[in-house]
Number of protein chains: 2
Amino acid sequence: MNEFAPVLDDEAVAVARVLDSDHVADVVEALNHEPRETAIELLCAMPFERLVDIFDQPELEAAPELAEALPRPKASKLLTAMSVDRAADILRELDEPARSELLGALAPPLRTTLLSILGYPEGSAASIMTTEFVSVPSDWTVGRTLDYIRKVERTRETIYAIYIVDQRTQLLLRSTGLRRLITGNPEDSILSVAPDRVPVTVTPLTDRENLARAISKYDLLALPVVDHGRILGIVTVDDIIDTMIEETTEDVHRFGGMEALDEPYMKMGFLAMIQKRAGWLCALFLSEMLTANAMQSYEGELEKAIVLTLFIPLIMSSGGNSGSQATSLVIRALALREIGLGDWWRVALRELPTGLVLGSILGVVGICRITLWQYFGLYDYGPHWELIAATVGAALVGIVTFGSLSGSMLPFALKRIGFDPASASAPFVATLVDVTGLVIYFSVALVILRGTLL
Amino acid sequence: MNEFAPVLDDEAVAVARVLDSDHVADVVEALNHEPRETAIELLCAMPFERLVDIFDQPELEAAPELAEALPRPKASKLLTAMSVDRAADILRELDEPARSELLGALAPPLRTTLLSILGYPEGSAASIMTTEFVSVPSDWTVGRTLDYIRKVERTRETIYAIYIVDQRTQLLLRSTGLRRLITGNPEDSILSVAPDRVPVTVTPLTDRENLARAISKYDLLALPVVDHGRILGIVTVDDIIDTMIEETTEDVHRFGGMEALDEPYMKMGFLAMIQKRAGWLCALFLSEMLTANAMQSYEGELEKAIVLTLFIPLIMSSGGNSGSQATSLVIRALALREIGLGDWWRVALRELPTGLVLGSILGVVGICRITLWQYFGLYDYGPHWELIAATVGAALVGIVTFGSLSGSMLPFALKRIGFDPASASAPFVATLVDVTGLVIYFSVALVILRGTLL
């Protein structure tokens with residue numbers, strides 16, 4: 001053993017080992033676990049090709065900050081060498097003046113391309129597209145196209161999708177796959193190996209959800225982004241998978257009743273997280289205050305029949321739970337396009353009997369619970385306990401039905417007024433149902449208990 | 001106009017138009033909207049190649065039923081011609097005796113392959129893999145591989161990923177892409193155009209979530225399924241996208257507090273849907289009954305200070321909402337592997353101050369609400385209204401903190417005992433927090449109001 005070998009601590013050894021070999025995705029994962037300063041040091045010491053590979057991975061956290069920390073000439077060389085869509089991602093999140101400085105140092109054609117991508121709204125097809133795709137004029141042969149692909153292969157994000165444009169107008173005519181080319185006859189026209197139909201395309205403003213739907217439906221490896229018949233760029237399947245994962249995260253966060261975080265949970269600043277959570281929590285709290293108003297207006301009844309209060313939490317939560325079920329079903333069916341906006345009445349016609357049946361089931365369970373407790377002497381609900389049980393049972397039928405109906409209609413309403421139906425979070429539905437639940441409960445009580453307790 | 005032309009109604013015209021041209025995915029969509037009998041008629045009338053294309057689409061609803069309705073010889077010809085993974089999907093969902101009859105009519109090698117795929121549990125990598133991939137011995141040249149690919153192209157699901165196996169042991173050595181092949185020198189060894197590292201592989205039992213993670217992390221077009229070093233099949237990116245969409249649906253349903261539906265909402269039978277929803281709803285209802293017990297044990301306090309009941313719904317829902325936020329954050333961070341099981345204490349250390357701050361914010365809002373109502377004479381909370389306000393404020397701090405902490409710990413606990421953390425639905429968390437919320441509220445009230453109201 002060489003006793004002059006530098007003494008490396010365990011972690012450094014582990015990092016060095018991973019950086020040295022292994023898939024670039026694993027290197028990125030290792031870098032993500034390092035403190036910012038160490039990551040920058042490691043990046044600076046890397047061969048340039050490796051650096052480009054690493055920055056091409058969307059999984060690299062804090063890529064804009066890391067790029068900014070590199071020496072400026074190295075940073076602009078990096079932006080030039082990386083794939084255009086990732087370079088745009090990085091520039092999009094850079095603050096001024098770093099963004100303008102870096103853009104200024106790039107070659108004019110690349111700068112123009114990047115600026116045009118940056119001009120599109122975040123999440124749109126054009127904002128995540130790459131301009132590094134293969135397109136050939138329609139008068140080329142299969143052989144000439146293959147030769148061309150061999151030449152440009154290194155600078156294209158994918159060469160598996162090939163777009164054929166009119167040689168004069170540059171309008172997109174057809175698309176084909178490399179597999180058709182390599183089995184084709186080199187002398188034939190490129191059009192002869194393309195399916196005889198207009199390619200599936202998206203517009204620059206198509207949103208992520210529709211991109212995912214199109215690529216999943218048509219089993220494509222890339223989707224061309226087309227404006228006025230001309231192809232601007234392509235969105236590749238790996239970018240779509242990444243945006244699908246991001247979209248799911250946002251939906252889960254929203255469904256939990258908060259704003260979506262855009263950073264990993266453990267890396268997010270404390271204050272930023274409070275901000276994202278406090279807003280919705282306060283909004284829900286303020287709406288839920290209506291329950292206090294509702295309770296106040298039934299104060300007289302409450303004083304006369306305090307036994308009614310015992311079941312308030314139980315009854316309210318049942319409404320919220322059934323509403324949350326209905327909401328999640330409808331949100332997902334809308335997202336998958338199983339149903340459209342116009343189907344609201346079909347859904348209502350389904351949720352009405354569903355709610356009645358579910359409510360009756362809970363109602364029977366509730367009545368049994370009260371009867372059992374009374375019967376075995378576990379609690380004394382007073383001389384009118386049968387009426388109390390009937391009140392709880394009937395209220396449950398009403399509340400669960402109302403919960404299912406309103407929970408299922410809320411996503412439609414949100415979509416109708418232009419919001420994402422996924423904002424109909426479980427807490428939102430529960431809050432909506434809570435106030436009405438109280439009103440239903442006390443109204444039922446007034447009908448059943450009038451003349452006895454009330 | 002020819003007056004003898006057959007009179008077609010509008011819908012039939014539309015269907016015929018779509019079936020005639022257009023992408024197979026659009027044909028499938030049109031078929032899904034037809035009644036079963038019409039769909040079968042249309043399918044029987046189609047050219048066989050088109051039929052195979054249609055059944056190769058996983059989006060075709062009720063594919064097993066449709067296949068079963070075809071004449072048997074046509075059905076077995078269809079299963080032979082379609083991709084192996086889709087044929088396995090269809091057979092998996094067919095009931096006996098149709099399944100055995102169809103399997104029996106297939107050629108023995110295909111039957112063996114299908115039976116081995118069918119033997120793996122649903123959702124595992126092996127159950128969705130296809131055996132139609134390209135693998136070549138490591139002593140072949142680039143040119144020979146290309147010739148081979150040209151020959152087998154039509155029978156392979158993808159030819160873009162090429163797997164290189166040891167010519168003697170058949171063990172998987174390397175993987176490469178078609179793009180490397182077409183730019184390579186035809187005389188060179190196939191190994192010369194493969195990256196010099198062990199390919200990313202999965203085992204036959206890898207679950208869908210990990211498949212999606214691997215394909216997204218390494219930006220692959222296909223993942224090889226390997227058992228004891230030998231490649232059994234591949235899972236392609238389009239299948240992974242489909243399973244990701246399915247997985248999201250299941251998560252949303254579970255997050256809404258119910259069992260995941262495995263059929264589209266509008267097509268699911270009424271009773272089946274009641275079953276999927278009633279189970280969880282009843283379980284939640286039974287747990288929530290503990291709130292009635294908790295309320296009963298504070299009956300004395302309730303009678304003395306009925307004003308306390310006014311804020312019960314408000315306080316309980318705040319606990320549920322903060323818990324639901326924390327749960328959704330942790331579920332997603334666990335799914336994305338941002339945190340692991342061992343990080344529970346880190347999360348707890350983050351949620352504790354977060355809960356305290358959020359609770360304090362809500363507490364202040366709550367105190368303001370009571371003060372304003374009292375001040376402007378909107379409601380009279382009695383002579384001790386300041387103490388009531390203090391009780392509500394302090395209880396909110398306690399309950400929101402408890403909600404955030406328990407909501408964030410629940411997914412860890414579920415994962416620890418082997419459940420899917422995504423089962424920690426918002427209703428589940430709310431129920432958990434409700435009972436404790438009541439106990440916290442009344443305990444705080446006993447401390448603050450002792451000697452005055454209580």
| task | Sort shortest first the distances from A:I417 to its counterpart in every other copy, using label points 7 Å along the Cα-to-beta-carbon line, and give them in nm. | result | 4.1
| task | May I have the extent of the alpha carbons of chain B along their three principal axes, as whole Å values ordered from largest to smallest? | result | 93, 70, 44
| task | Using label points projected 7 Å from each Cα along Cα→Cβ, tell me how many nm separate B:S360 and A:T371, to one decimal. | result | 5.2
| task | Distances from B:P47 to the same position in the other copies: list them in nm, one decimal, shortest first, using label points 7 Å from Cα along Cα→Cβ. | result | 5.1
| remark: Any residue on another chain or 5+ positions along whose placed amide H is under 5 Å from the amide H of B:D227 is listed here as B:L232
| remark: When A:L284, A:L396, A:L106 are arranged by how many other beta-carbons sit within 10 Å of their Cβ, fewest first, they go A:L106, A:L284, A:L396
| request: Compute the acute angle (0 to 90°) between the alpha-carbon long axis of helix B:385-416 and the principal axis of greatest extent of the alpha-carbon atoms of chain B; round to the nearest 10°. | output: 30
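For B:R144 and B:A81, what is the calculated FRET efficiency with R₀ set at 30 Å and r taken between the beta-carbons, to the nearest 0.05?
Numbers: r = 28 Å, r/R0 = 0.93.
Taking R0 as 30 Å, the efficiency between B:R144 and B:A81 is 0.60.
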| note | The exposure ranking of B:M295, B:M409, fewest beta-carbon neighbours within 10 Å first, is B:M409, B:M295
| note | Taking max minus min of the Cα coordinates of the range A:310-446 on each principal axis, largest first, gives extents in Å of 53, 23, 22
| Ranked by Cβ crowding within 10 angstrom, fewest neighbours first, how are A:T130, B:T236, A:T183, B:T131 ordered? | A:T183, B:T131, A:T130, B:T236
| said: Nothing charged except the Cβ atoms of Lys and Arg (+1) and of Asp and Glu (-1): what's the magnitude of the dipole of the range A:238-389 about its Cα centre? Round to the nearest 20 debye. | reply: 480
| Relative to the longest principal Cα axis of chain A, at what angle does helix A:237-255 sit, 0 to 90 degrees, rounded to 10? | 20
| field | Teacher prompt: A:L356 distances to equivalent labels in other copies, 7 Å Cα→Cβ, nm | value | 5.3
| Going by alpha carbons, how many degrees (0 to 90, nearest 10) lie between the helix axis of B:426-449 and the longest principal axis of chain B? | 10
| Closest Cβ on chain A to the rotation axis that carries it onto B (distance rounded to whole Å) | A:A426, 2
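What is the gain in length, in nm to one decimal, between A:H33 and A:L341 on full extension, counting 0.36 nm per residue of separation less the C-alpha to C-alpha distance?
Taking 0.36 nm per residue and subtracting the Cα distance, the gain is 106.4 nm.
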| said: Can you return the lysines within cross-link range of A:K267? Criterion is Cα-Cα under 26 Å, with same-chain partners fewer than 8 residues away left out. | reply: A:K276, B:K217, B:K415
| field | Distance (nanometres) between label positions extended 7 Å along Cα→Cβ at B:M46 and A:D420 | value | 3.5
| query | By how many nm would the segment from A:A272 to A:L110 grow when fully extended, if each residue of separation counts as 0.36 nm and the alpha-carbon distance is taken off? | reply | 54.8 nm
| Within chain B, helix-based [θ] at 222 nm, where runs of 4 or more DSSP H residues each add -39,500 (n - 2.57), nearest 500 | -20000 deg cm²/dmol
| task | Calculate the all-directions average of the projected area of the protein assembly as shown's alpha-carbon convex hull, and give it in nm². | result | 49.2
| task | Quick one: give the max-minus-min coordinate of the C-alpha atoms of the range A:52-180 along each principal axis, largest first, in Å. | result | 47, 26, 25
| field | Diffusion coefficient, µm² s⁻¹, Stokes-Einstein with Kirkwood Rh over alpha-carbon pairs of the range A:218-266 at 20 °C and 1.002 mPa s | value | 165
| Per-residue ³J(HN,Hα) for the range B:158-167, Karplus 6.51 cos²θ - 1.76 cosθ + 1.60, θ = phi - 60°, Hz, x for Gly and Pro | 9, 10, 7, 10, 10, 9, 10, 10, 4, 5
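A short reminder: the numbers here are calculations on the coordinates, not readings from a lab. Note that the coordinates shown come from a computational prediction; the quantities given were computed from them, not determined experimentally. Every residue, glycine as well, gets a Cβ built from its backbone with ideal geometry; the counts of neighbours run over all protein chains shown.
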